[in-house]
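Taking it in order: structure first as structure tokens, then the write-up.
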Amino acid sequence: MQQNSDIIISDTSCLIILDKINELELLMKTGSKVFVTPIILKEFGKSLPYWISVLAPENSHYQQILEMDLDEGEASAIALSLEMKNPILMLDELKGRKVAEKLNLRYSGTFGLILRAKQIGLISSVKPILEKIKSTNFRFDEKLFEKVLEQAGE
């Protein structure tokens, strides 16, 4: 089992879904450090585990510009990621992912995180975790579910 040295910045949706299915620790196990912004903490609405650090972007101008197209939480996560050295940005919303792509940021969604956890040997199967997500109100395309299973070899 290998610990990844990647810094992860998580948006609210990823925190919420992983918390709902009791898999929040996947963030810690797949990255060396996990950050959220104060806005994301507020949106999450619960206390965070000790291993998630809260950090605000230093340059508020990035966030103000990003808020023209994105919600506050996504904008703050992207703004913070612009200030760090090559973090992985956890975003599930398509609009935020498109902005991250245009800015040449590394990003993933919750399903990508789960797939990565299997690839590095943290979990033996993605299917049970995906099934737990299916039992929540988390919206996703069924084709994505099948694609993740296929990529995981399940």
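Rule-based calculations on the coordinates, nothing more; no lab input. Since this is a predicted model, take the numbers as computed values, not measurements. All Cβ positions, glycine included, derive from the backbone under ideal geometry; neighbour counts span all protein chains shown.
Observations, loosely collected:
- Most mobile of Ser47, Ser76, Ser13 in a GNM of the chain (Cα contacts under 10 Å): Ser47
- A straight chain from Glu142 to Arg106 at 0.36 nm per residue would run longer than the Cα-Cα distance by 10.6 nm.
- Spin-label model distance (nm) - Glu58 vs Glu131, 7 Å beyond Cα toward Cβ: 4.8 nm
- Loop-located chymotrypsin sites (Phe, Trp or Tyr not before Pro) in the range 1-80 whose Cβ has at most 15 other Cβ within 10 Å (DSSP): Tyr50, Trp51
- Calculated P(r) of the range 27-154 - Cα pairs past 21 Å, %: 45 percent
- Sparsely packed loop sites in the range 35-116 (the trypsin sites (Lys or Arg not before Pro) outside DSSP H, G, I, E and B with at most 12 other Cβ atoms within 10 Å) comprise Lys46, Lys85.
- Using a cut-off of 20 Å between Cα atoms, the listed pairs Lys33/Lys85; Lys20/Lys127; Lys20/Lys132; Lys46/Lys134; Lys102/Lys132; Lys33/Lys102 include Lys46/Lys134; Lys102/Lys132; Lys33/Lys102 as exceeding that distance.
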